C-alpha cells in the first residue's frame, strides 16, 4: 500500500477580516451548504435527475477564492461540481436551482443541467463535465485578457481567471499543458486544486507519484501554494495574493487546497471506500463551524447574527425551489434553439 | 486579376481579416516564426506581432480549448492544425466544447472560431498524416464543416468562416496548396452553406468535394468526348449539406454519383445518400453510386495508396454505367 500523505499541521490563519467581510464570507458558505443540502433532498424527491455532485465540505475554497476576486468581472471556470462556484460567482440561487430542475429559467435554459452551469453575465465559463477540459478554456479566457491589454491597448483589461479542478485532474495532460502555457505567457490565471483526496474511488496517493500537488508548479517556475482548504481566511489570503500577482501581470499561481467532500462523489455514489474514521476526522474540521467559531471568538459577530444569516439563506433556498417548481419547461418547439449562434 | 497560389489565397484571407478586426488571431504549431507548415501565415507575425500569430507548444487539445475560451470571451481565433489529423488529439475540445457548448450553455456563449488546416490523402505521407476528419466530425452538433478546393473559393470561404459566429471546421487539402488561379482584386466573401455548381449538365449529377473535385473534372474531359454531359457539384459545405442545390440537380438528372476521399463507412457520402433517400427517393432512376476511399488505413506504398483513393478512370466507368442505367 502507498503511504498516505500526512496532513500538514496548519496554523489557524492570522488573516484579519472586518465584520462586514466576515459576515459576507459566512453567508456565502452557508448558501453553498444549504443549497447543496436542498439539492440532495430534491434529488431524492425526484425533482432533479442525472449525475449531481455536491460540494458539501469544500465551501471555504469557493468562497475563499471567488470572493477574493471581482465576481462578475473576473472569470470563473468550474467542473461538474459547479453549483457552489456558480453561487459564489453571483449566479442567483433561483437560476441555479431552476437549471437543476431542467427549467427554461435555469442559468443554461435547462439545456445544461447540474454539470453544465453557465452565466455570461456573471462570467461563469462553465460547468465542464469531463476531467480537465475546463482548464484550457479558462487559460483561453486569461489569454484573452492579456491580448486585449497588449494587442488592443485596452487599459481596463485586468481581469483574472480562476480555474477550479480536483486532485484527480492533476494527473491529466491538460493540467500540465496549461500550466506550461500560462507560465510561459504569464497569463492572469489562478489554478485552484480542490484536493479532496478522492477521485470517485481512486485515492489520491494511489493515482499520483507526487501527492503534493502544489509542488508541481515549481517545474514551470510558477508559485505553488499549499493551503488549508477548510479555513476560509487562509484560502482567501493566498487567493488575494495570487489574484494581485495575476492582475499585476506577474503570471499564474497554483493553489492546492486540502479539503474534503462530506458526501459521496455524486448522489449516485455508494461511498464505500472512505473509512468512517477518515470521514469523522474531516467532519470535525467543518469549515463553516470553524469560521462561525472564529467570528464569535473575535467578536465580529454574535450568535444572533449568524442565526439571522442562516435564516435568510434558508428562505433564499426555499424561494429558489419555489421558483424552480413554478418555472416553465423549455418549449418543445425550441428543441433546436441554441445549436447555432443565429438561434437567438 | 492576379494569379495566386492557393496557400497565398488563404494567406490573403487571413491578412485581410486581421487587418480589419483586431480580435482576429491565429494560434497553432509553427504559425508564427515558421509561417505555417504550408506557409499560409508566412511573415504575418512581422506585421501583427507574436500574440496575434501565436506559436503554441505542441498541445493540441489544450491550445484548441484555449481558443474556445478566447472565443467565448470575445476574440475570433483561427486555429491551424499543422496537419488536420493532429486534431484527433483535440477531439474532446472540438466536439464537447466548440460544438456543443453554445447549446449546453443555453445560448450564454458564442464560439466564433475557425479550425483550419491541411487534410486529405497526400503523397505517401502514411496513414496518420492522411486523415479525412470531416467524416469523423460530421456527427458533432453545432459545427459547420467546409471544404475548399480552389484558390478562389479558398479565399472567399475562409473570409466568411472567420466572420461567422459559429465554430467552423475548414478543410484545405494537402495536395492543393500550389493550385494557381486568377483572383479578383479586392475583397470578396463566399457563402459557407452553398454548394458550387462546377459544371452544368443534364445526364448525371456528380457530387464531390475538396481534391476529388479535380479528379472528377479530369474524368469529365473523357466523358465529354464520349458524349456524356455530367453536372458536377462541389459540395463546399459538408455540414449542413446544401440540399437546395443538390435537389435541383437531382430533379434534373435523376442520377447521382458521389465521389469522396473519405472512407466509405460512415463517410460524407453515406450521409448524403441517406438524405437523398429521405428526401428525393422518387426522383432517382437508379441507386446512387458511391465512390469512396477504401476502408483501410492509408498505406505508405504508392501503388497501394493509389488503389485506396478514387481515380478518374473509376469515375468515368461509373458515369458511363449510370447514364446507361446499367447499375
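Its residues counted as N, segment A:1-160 yields a C-alpha radius of gyration over 2.2 N^0.38 Å of 1.15. Legend: translational diffusion of the protein assembly as shown by Stokes-Einstein, Rh = Kirkwood radius over C-alpha pairs, 37 °C, 0.692 mPa s; D = 122 µm²/s. Its relative contact order, with pairs defined as Cα atoms under 8 Å and 6+ residues apart, puts segment B:2-183 at 28 percent.
Computed on chain B, with alpha-carbon pairs under 8 angstrom and 6+ residues apart, the relative contact order is 16 percent. Each part reduced to its alpha carbon centroid, segment A:148-200 and segment B:188-263 end up 47 Å apart. A straight chain from residue A:172 to residue A:278 at 0.36 nm per residue would run longer than the Cα-Cα distance by 35.5 nm.
Length, then width, then depth: along the principal axes, the Cα atoms of segment B:201-298 run 37, 30, 22 Å. With the simple model of a label 7 Å out from the Cα in the direction of the Cβ, residue A:11 to residue B:320 spans 9.1 nm. Helix B:212-225 and the longest principal axis of the Cα set of chain B meet at an angle near 30°.
Computed over every Cα-Cα pair of segment A:16-325 and binned at 10 Å starting from 0, the pair-distance distribution P(r) comes out as 6, 29, 36, 23, 5, 0 percent. Show that you can apply the helix-only estimate: for chain A, add -39,500 (n - 2.57) for every DSSP H stretch of four or more residues, divide by all residues, and state [θ] at 222 nm to the nearest 500. That calculation yields -13000 deg cm²/dmol at 222 nm. Semi-axes of the equivalent ellipsoid of segment A:197-329 are 30, 24, 19 Å, computed as sqrt(5λ) over the eigenvalues of the C-alpha gyration tensor in descending order. Semi-axes of the equivalent ellipsoid for segment A:259-335, computed as √(5λ) from the eigenvalues of its C-alpha gyration tensor and ordered from largest down, come to 33, 26, 8 Å.
Each distinct pair of alpha carbons in segment A:127-258 adds a 1/r term; the inverse of their mean, the Kirkwood radius, is 14.8 Å. Where both bridge residues fall in chain B, DSSP classifies roughly 20% of the beta bridges as antiparallel. When the helices of chain B are scored as -39500 (n - 2.57) per DSSP H run of n ≥ 4 and the total is divided over every residue, the value at 222 nm lands at -10000 deg cm²/dmol. The angle separating the long axis of helix B:312-323 from the principal Cα axis of greatest extent in chain B is about 50 degrees. Residue-normalised convex hull volume from the C-alpha trace of segment B:2-183: 99 Å³ per residue. Relative contact order of chain A, taken over Cα pairs closer than 8 Å and 6 or more residues apart, is 23 percent.
If I fit a long axis through the Cα atoms of helix B:6-20 and take the longest principal axis of the Cα atoms of chain B, what angle between them do I get, 0 to 90°, rounded to 10? Between helix and principal axis, roughly 40 degrees. Restricting attention to segment B:2-183, close to 15% of DSSP beta bridges with both partner residues there are antiparallel.
The radius of gyration of the Cα set in chain B, together with its Dmax, comes out at 19.5, 60 angstrom.
Every number here is computed from the coordinates shown, using simple stated rules; none is lab data. Predicted model only: the values in this text are computed from it and were never measured. Cβ: placed from backbone, ideal geometry, glycine included. Neighbour counts: every protein chain shown.
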